[in-house]
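The values are calculated or read from the model by the stated rules, or taken from the named source; none is laboratory data. Because the structure is predicted, anything quoted here is derived from the model rather than measured. Positions of Cβ are generated from backbone atoms using ideal geometry, with glycine treated the same way; all protein chains shown enter the neighbour counts.
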């Protein structure tokens, strides 16, 4: 999404700002970031403890910090001595902590940053694509990632081959088998995964987004009112404007529906532009698992795919629905409710995060943090 976006990334205060590689060598030797002898000794001790605990993080180690990110692609980043590694869903260390700047895994690869250059590692911790680009984006399900070198953008595939020539001033991520690109003369085009142009010169928009549910958001300045205010609409893969440029803000399409602002109020439309939910809400977040969190005044609620409204009796942390659970607040404590509004996991935590890959990250008032199951049972590290 390229415009106003209020979705919270974390369920508790704090964020981690991280910058974002053809080799089969071990990652550490390939990029010359071998830990110091003290770091290696400390990590060997940690590994020994992990093995003694059946390879799971059942013991809290003061030198290891979990929760640097959520589980993504079934791996979670952790911090050990200001370097990052990854654990799996059983708490096993699968990639040792040797990297200072690495992003979460998406579709089998993670962006790695080394000596001001970007590349990618695979889920075995091997350097998959060399760090030789000035910037990079995530791999999409179409198995292509945008990369930039010498001011020009293009795409690499998972082997590191530059599958689409680096010749654009800007590009979007591939989604639904297509991507929007902009040439240096300002012309915008839609291309397929072979780099073939599907549509070109369909309009010069102020901003364009990724395709979701076959539509991509676009915006243009509201010249009719001689203002710098943007109006938003959506184009299809042929570049044809399918939903008019009349909206003031909003989100991308999700699960076939889109939350938008019209006359300063939120409502929901479908992919034909038909209104599903009237524009009289103060806030509506995108659909996830068939439910959209909404607000009227200070009251939270849920909207199903038919637009039916369910009032909620708790303050909600609006990061969507995952595993059928919603982050919620009661007094000073956090917990989870289900999509019927009932308490699913008690309000006993100081902070909670949205479930990811079937696991939730929580912190108690005593500062202890750990992952829990959808039933609220501690996974690791547990006392």
* To do: Kindly indicate whether any position in segment 95-106 is closer than 30 Å to residue 182 by Cβ, out of contact with any strand residue (DSSP E or B) (no Cβ under 6 Å at 6 or more places or on another chain) and at pLDDT 95 or above.
  => yes
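Name every residue in segment 282-298 that is farther than 16 Å from residue 340 by Cα and in contact with a strand residue (DSSP E or B) (Cβ under 7 Å, 6 or more places away or on another chain), in order of residue number.
282, 283, 284, 285, 286, 295, 296
Any residue at all in segment 259-277 that is closer than 27 Å to residue 372 by Cα and out of contact with any strand residue (DSSP E or B) (no Cβ under 9 Å at 6 or more places or on another chain)? Spell out the reasoning first.
To start, the set of residues in segment 259-277 that are closer than 27 Å to residue 372 by Cα comprises none.
For segment 259-277, residues closer than 27 Å to residue 372 by Cα and out of contact with any strand residue (DSSP E or B) (no Cβ under 9 Å at 6 or more places or on another chain): absent.
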* To do: Looking only at segment 341-383, count how many residues are at pLDDT 95 or above, part of a strand (DSSP E or B) and surrounded by fewer than 17 Cβ atoms within 10 Å (Cβ to Cβ).
  => 3
* **Top-ranked residue in segment 128-162 [being within 18 Å of the chain's Cα centre (by Cα) and part of a loop (DSSP other than H, G, I, E, B); ranked as surrounded by the most Cβ atoms within 10 Å (Cβ to Cβ)]** => 139
